[in-house]
Amino acid sequence: MGDRLSIRLEVYLPFRGRRMWRGAEEVPAGTTLAGLLDALALPEPDLAILLNGRHRPPETLLSDGDEVAVLRQSEGG
Amino acid sequence: MEQILRLDMGTLTHRFEPLPEAYALLGGRALTSRILCDELDPTVDALGPNNKLVLAPGLLSGSIVSSSSRISAGAKSPLTGGIKESNSGGNTGWRLAQHGLRAVIIDGAAPVGQWFIAVISRGECRLEAAGDLVGLGTYDTATRLFERFGAKSALAVIGPAGEQRMNVAGICNTDPEGRPSRICARGGMGAVMGSKGLKAIVVRDPGANIMPDTIDLPMWRENAKVYAKELATSPAIARYRNFGTASTLELVNKLGGLPIRNFSRGQDAQAEAITGLQMAETIKARGGQTSHSCMTGCAIQCSNVWVDPQGKEVASSMEFETNTLLGANLEIFDFDAIARFTKECNDLGIDTIETGGAMGVAMAAGALPYGDVAAVIDAFGQIRTGTVLGKLLGAGAATVGRVLGVREVASVKGQVMAAYDPRVIKGNGVTYATSPMGADHTAGNTIGAKVDHLDPQGKVALSRELQIVSTVLDMLGFCVFARAVYATTAEQFRGLFAARFGRSITDDEIRAIATETIRREIAFNRAAGLGPATDRIPEWMRTTPLRPHEAVFDVPDEELDRIWATD
């Protein structure tokens, strides 16, 4: 494993000047889900972050080829 | 002194009774279910004169404290065959509580073909003939009743589906602007109201901004202020104000649990067209309302008003479950179409979830084409006029499956699931299976928990906790979204209670009432003939994997059976 990981990132809220953002992302090896969220510095609190379509603990280490999706937490009534 | 109003539609009489001491701490669902358990033979015909329809605002309803005046409608359900509570916003609960009414109990049945309205104000009630309203949709009905009784009245009305006693029929409550769009939708409560010959209930404006008798008004205001501040600063609440419930679609689609094509797939890129973000952007661009209060005083404002490209109102409100069951589930990824469907449902007075589920099953059988907007609009017309297909759809998804030979019906106790496939959102699967309400997500929605929804571990405990908290909120009259601040303002909820009733109550006592309510409801269901075998997710969902996770529902039956075994 190299020093960098390539992941796919999907941000379902305004990010990097777009209404939503999708694309490849390189992150340092050893990055956790929580670390990635901190690095993204998104303006909204209390977001859902999914790793390959599932909630995972914040301390989960990312792997090459992972897909991370950041979404607004919401529910119907 | 709070009262109960009894209406006997068989004799066309009424009486006001003092609230029994045994019901002093009960409101909303806790009261509707308690009255049904105390007064109803569980084996009665749900559409016969011996069933009772109970309407009850919450314990703390009747003021303009945000989101506190929801209404519960309870009866034996013609859809599930068990006890049912169906909960709604709108102003009916607020007005009933202002008139000092803890509940309205409707018994008996008018002679077939005779229709009435009930007009209620403090200490007064009268029944009036309603022949001129028969066959009208809920919007025309509301327009006529507001002309007669004033625009500040609150209405609970049924539409053509309720008149035809369809299982999908709900009771439509008017919002602050008078739209009959806030529906006690689930379980066929509108059919029960129709079976009694009651077209509408008019709850008149008391003439001043009064609130129910309250022992300590300064204490009430002080606690209400803290609660309101917490709501105003909650990020979760801000999200509902901007995107409504519709942004749940992005999350559930990404999780792979979105019902698509009659629950046959859990994810679809086409769903991008009906996300909360897309909805908010379109509404703003067209000049509609992305935030709107469904009841007077609500600060959460998760409701919205969808308008057409010319800015003309089409429907209120576009909700996640509706967008899914009448959209993705039918392979219709078009907000303008879903808005038309929503307006049809509101005017017919029917449950968008059960109707979307029924149409999805009909599409699986080939009786309707997937993705065909015109065919769906035509089907609504058939429900309105009562053709054979219309009546079949009006009977609900489970009946459609039985008649048309479709095994893949996503229902529990005859009630279709909402927009969370239990093969992925397993906590909701536990709620669907174990709630005495049938497959009703509002009984305990687990989607907000940041847990691995695909892992069956821990989902029984999660569902149990949320079922109890949801029952607490239903009992108090608060919207389920107030749960976002319930934990941080528990002291204020207790304070509001103490201010209103002059007595203290602990969290444990409130939870005990909620748990006891659920246990009574289960006992009712057992006596009605709904045994433990009905507390199950359909077998096909345990064996047919759902793409993309190839997941099945795999919470063990033994765990489901133990959910209410301990305190």
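The values are calculated or read from the model by the stated rules, or taken from the named source; none is laboratory data. This structure is a prediction, so every number in the text was calculated from the model and none was measured. In this analysis, Cβ positions are derived from the backbone assuming ideal geometry, glycine residues included, and neighbour counts consider all displayed protein chains.
Annotations for the structure displayed:
- Boolean, B:Ala419 is of a type in the set (A, V, I, L, M, F, W, C) and within 25 Å of B:Asn346 (Cα to Cα): yes
- Scan of the range B:480-530 for residues that are away from chain A (no Cβ under 14 Å), farther than 17 Å from B:Arg34 by Cβ and of a type in the set (Gly, Ala, Ser), ordered by number: B:Ala490, B:Gly495, B:Ala498, B:Ala499, B:Gly502, B:Ser504, B:Gly529
- Subset tally (residues that are in a loop (DSSP other than H, G, I, E, B), more than 7 Å from every other protein chain (Cβ to nearest Cβ) and over 11 Å from the mean Cα position of the chain (by Cα)) for the range A:57-77: 6
- The lone criterion from (1) over 22 Å from the mean Cα position of the chain (by Cα); (2) surrounded by 14 or more Cβ atoms within 10 Å (Cβ to Cβ) left unmet by B:Leu473 is number (1).
- Candidates are the residues of the range B:235-280 that are over 21 Å from the mean Cα position of the chain (by Cα), within 11 Å of another protein chain (Cβ to nearest Cβ) and not in a helix (DSSP H, G or I); the one that is nearest to B:Gly448 (Cα to Cα) is B:Gly257.
- When restricted to residues that are of a type in the set (A, V, I, L, M), closer than 13 Å to B:Phe478 by Cα and touching a strand residue (DSSP E or B) at 6+ places or on another chain (Cβ under 7 Å), the range B:33-84 contains 2.
- Filtering A:Leu5, A:Leu9, A:Leu50 for residues that are facing another protein chain (nearest Cβ under 7 Å), assigned to a strand (DSSP E or B) and in contact with a strand residue (DSSP E or B) (Cβ under 9 Å, 6 or more places away or on another chain) leaves a single hit, A:Leu50.
- The residues of the range B:400-427 that are buried (at least 24 other Cβ atoms within 10 Å of the Cβ), away from chain A (no Cβ under 14 Å) and not in a strand (DSSP E or B), listed by number, are B:Val400, B:Gly401, B:Val409, B:Ala410, B:Lys413, B:Gly414, B:Pro422.
- Residues that are over 13 Å from B:Ala280 (Cβ atoms), hydroxyl-bearing (Ser, Thr, Tyr) and surrounded by fewer than 23 Cβ atoms within 10 Å (Cβ to Cβ) within the range B:291-335 comprise B:Ser293, B:Thr296, listed in sequence order.
- Lone unmet requirement of (1) touching a Cys at 6+ places or on another chain (Cβ under 6 Å); (2) closer than 30 Å to B:Arg503 by Cα for B:Ser33: (1)
- Restricted to the range B:342-379, and to residues there that are hydrophobic (A, V, I, L, M, F, W, C) and in contact with a Phe, Trp or Tyr (Cβ under 7 Å, 6 or more places away or on another chain), the residue that is farthest from B:Thr282 (Cα to Cα) is B:Met363.
- Taken over the range B:442-462, the criterion of being more than 14 Å from chain A (Cβ to nearest Cβ) and not β-branched (Val, Ile, Thr) is satisfied by B:Ala461 alone.
- For B:Arg148, the conditions (1) modelled with pLDDT of 95 or more; (2) in contact with a Gly (Cβ under 8 Å, 6 or more places away or on another chain) all hold with the exception of (2).
- Just one of the listed residues (B:Arg536, B:Arg483) is surrounded by fewer than 20 Cβ atoms within 10 Å (Cβ to Cβ) and closer than 24 Å to B:Cys184 by Cβ, and it is B:Arg483.
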